[in-house]
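Below is one structure; the comments refer to it alone.
The values are calculated or read from the model by the stated rules, or taken from the named source; none is laboratory data. Please read all numbers here as calculations on a predicted model, not as lab measurements. No Cβ is skipped: glycine too gets one built from the backbone with ideal geometry, and neighbour counts run over all protein chains shown.
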Amino acid sequence: MKNQRLRIIAFILIGLTATLLRFRDLGRRPMHTDEAVHAVKFGDLLERGEYRFDPLEYHGPTLNYFTLIPAFLAGERTLAAVDETTLRIVPAVFGTGLLLLLLLVARGLGWNAVLWSALFTAASPALVFYSRYYIQETLFVFFTFGMIAAGFRWLRRPSVPWAVLCGAFAGLMHATKETCIIPWAAMAASLAFVAVTEEKSPGIKPAFPLRHLPAGFLSAALVSILFMSSFFANPRGIADSILTYGNYFNRASANPVHVQPWPYYFHLLGFWKAEGGPVWSETLILALALAGVAAAFERKRDPDRDTALPRFLAVYTLLMTAVYSLIPYKTPWNLLGFHHGLILLAGIGAAFLIRRIRGPLLKPALIFLLFAGSLHLSGQSMLAIGRYDCDPRNPYVYSHPGRDVLEIQKAVHRAAVASAEGRNLPVAVIFPGHGYWPLPWYLRDLPNTGWYDHVDAEGPAASVYLSSPLNEDELARRLYESPPPGQRPLYVPLFKRSLELRPGAAIDGYILKDIWDRMEE
C-alpha cells in the first residue's frame, strides 16, 4: 500500500512537470507556416461551420474539430478573436494526455517502467516542443498509443467496450493523418510476431476473440466517416480520404525540399550542434531504448512478468524507426511517430537495468544518473520552448518564421489605426508561389487584404504593399509608371530595416506617405 501511494505521488508530480512544460506561455513563439495554414482552415469551420476535406493538401480534420472546444469555452466566435494559446492548447492537452494512457498499460509494462516512461515523456525536448505546435502530429501520436493501449486491454481481458475503444482510436488515426497506414502495418506485423512467440505468455494470446472484431471495425469506420464527412455535411470526404493516398505518395516522392538521408532523425535525436548554439541530445533515451529491447528479448525470463507487451513495443518501434528512416521525405515532427515508442522502450530499459543491477551503491548511483539525465532533458526542453523557440539552432525549428513577423504585424496594424479606413485599410501582399505564409494569420483581422503571387497591374492601388524583393521591379512599375502623371501617390518604406518572413525569405513594405506621416505624429 505504501509503495502504491508513492507511485501515485510520483506520477502526479511527473504529470505536473509535463503540464508546466506544455502549457507555459503557449502564445510566445511566432506561428509556423503550417500552424498558420491550419489556423486559417479552422477559421472556416469556426465562422461558417464548414469543413471540406481536401485530398490534395492538409491532413484530416480532427485538429480543427477539437479546436472548437477551447474556442467555444473562451467565447471566441471568429478567427480574429482566436489567439495562439487557444489553438496550441489542443496539442498541449493531447501531449499531456500521453501520460494518462500509460495507466492503461501498467500491467503490461510494470509500474516502474510506467513511471520512467512517464518521466521521459514529460521531459523529452522533441515531445515537449511539438506538443506546443498547432499541427496534427501530437494528436496522431496520442491516438496511435491509445489504439495500442486499448488493444492491449482488449487482448488481455476481451470485452466489447475495449474493442470499441480500440476501433475508435483507429478511426481517429485515419481522420488525423493519412500516414496511419504505417503504424497500422507495424502493429499488425508486431502482433503476429508476438502471437507466434508468446504462446505461454499470461498477456497476449494467439487465440484472438474474433467475436469482438465486428464491433471494433464498426467503431473505427463510424468515427472515421463522421470526421471525414464533416459529420455528413460533406459525404464526398469519405471517398476523398481514400483517394488521397495517390496524391500523398506522389507528393512525398516529388518534393525534393524535404528529402533527407536515412540517418537524419538519429542526427536530430542523438547529437545536434549548430554554430553558436548549445548541444542538443536525447542520447539517454536512445541508449535506454536499446536496454528496453534487450529486456523484451532476454533469455532468462521471469514467469511472473508479462513480456508480451514489451516485445510488441520492441518490434513495433524498430519497424517504425526503420520505415521512417528509409522514407526520403522527412520533417523533424515526423520523428514523433517512432520516438514515442523509443521513449516507452527507454522506460522499460530503465526499470530493467535497475532491477538487474547489484550492489548497495550501484543501484542508487544508477537511479541518480537517470534522474540527472531526465533533468538534462528538461533543461533542453526549457531552452527549446524559451530562448530557442524560433531559432534555427534548435534542431526542431524547421523553416520557422522569426520574430520579424511580429514586427510586420505591428507595423501594418499601426498603419490601419492611422488611416482613415481603419481595419478596412487596403493591403496587398505579394510573394511568388504564395510564399506569404504565415502572414494570413497575422493579418486575419484586416478584411481588405489581398494575397497575390505577382503584382496586380489592373486593380485599384493598395495603401500598403508587402512584397518579396523578387517582385520589386514589377511593383515599381505598378506604383510609379502605370498611373498617369499627376496621379502617382508617393510611397515610403514601412520598415526601418530589412525583415524576413522566415530564413532566406525577405520582405519589403511600402506605405502611402500621408498615412506614414500620421503614424509618426
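Candidates in the range 3-53 are the residues that are acidic (Asp, Glu) and under 18 Å from the mean Cα position of the chain (by Cα); of these, the one that is surrounded by the most Cβ atoms within 10 Å (Cβ to Cβ) is 35.
All conditions but one from (1) within 14 Å of the chain's Cα centre (by Cα); (2) under 30 Å from residue 391 (Cβ atoms); (3) in contact (Cβ under 8 Å) with a residue 60 or more places away in the chain apply to residue 87; the one that does not is (3).
Filtered by the rule that a residue be more than 13 Å from residue 465 (Cα to Cα), of a type in the set (A, V, I, L, M, F, W, C) and buried (at least 16 other Cβ atoms within 10 Å of the Cβ), the range 493-514 gives 499, 501, 505. Criterion applied to 185, 170, 118 was being buried (at least 24 other Cβ atoms within 10 Å of the Cβ) and either within 21 Å of residue 218 (Cα to Cα) or over 20 Å from the mean Cα position of the chain (by Cα) (or both), and the one residue passing it is 170. Only residues that are touching a residue at least 40 places away in the same chain (Cβ under 8 Å), in a helix (DSSP H, G or I) and not hydrophobic (A, V, I, L, M, F, W, C) were counted across the range 155-168, and they come to 2.
Looking for whichever is under 21 Å from residue 47 (Cβ atoms) and either surrounded by 15 or more Cβ atoms within 10 Å (Cβ to Cβ) or over 30 Å from the mean Cα position of the chain (by Cα) (or both) here; the options are 394, 424. Which one fits?
On inspection, the qualifying residue turns out to be 424.
For the range 492-507, a residue qualifies if it is free of Cβ contacts under 8 Å to residues at least 24 places away in the same chain and not basic (Lys, Arg), and the qualifying residues are 493, 498, 504. Listed by position, the strands (runs of 3 or more DSSP E) inside the range 468-521 whose residues that are farther than 21 Å from residue 425 by Cα number at least 1 are 499-502, 505-512. Candidates in the range 409-421 are the residues that are in contact (Cβ under 8 Å) with a residue 12 or more places away in the chain and either in contact with a helix residue (DSSP H, G or I) (Cβ under 7 Å, 6 or more places away or on another chain) or in a loop (DSSP other than H, G, I, E, B) (or both); of these, the one that is surrounded by the fewest Cβ atoms within 10 Å (Cβ to Cβ) is 421.
Being over 23 Å from residue 520 (Cβ atoms) and either part of a loop (DSSP other than H, G, I, E, B) or hydroxyl-bearing (Ser, Thr, Tyr) (or both) is the requirement here; does residue 389 meet it?
yes
Put simply, of 92, 123 the only residue that is of a type outside the set (Phe, Trp, Tyr), within 30 Å of residue 40 (Cα to Cα) and buried (at least 22 other Cβ atoms within 10 Å of the Cβ) is 92. What pairs come out if I take residues in the range 125-154 that are more than 26 Å from residue 191 (Cα to Cα) and part of a helix (DSSP H, G or I) and pair them with residues that are modelled with pLDDT under 95 and of a type in the set (Ser, Thr, Tyr) whose C-beta lies under 6 Å away, six or more apart or interchain? Final answer for the pair search is none. Please indicate, with yes or no, whether at least one residue in the range 91-111 is part of a helix (DSSP H, G or I), of a type in the set (Phe, Trp, Tyr) and modelled with pLDDT under 95. Yes, because at least one residue in the range 91-111 is part of a helix (DSSP H, G or I), of a type in the set (Phe, Trp, Tyr) and modelled with pLDDT under 95.
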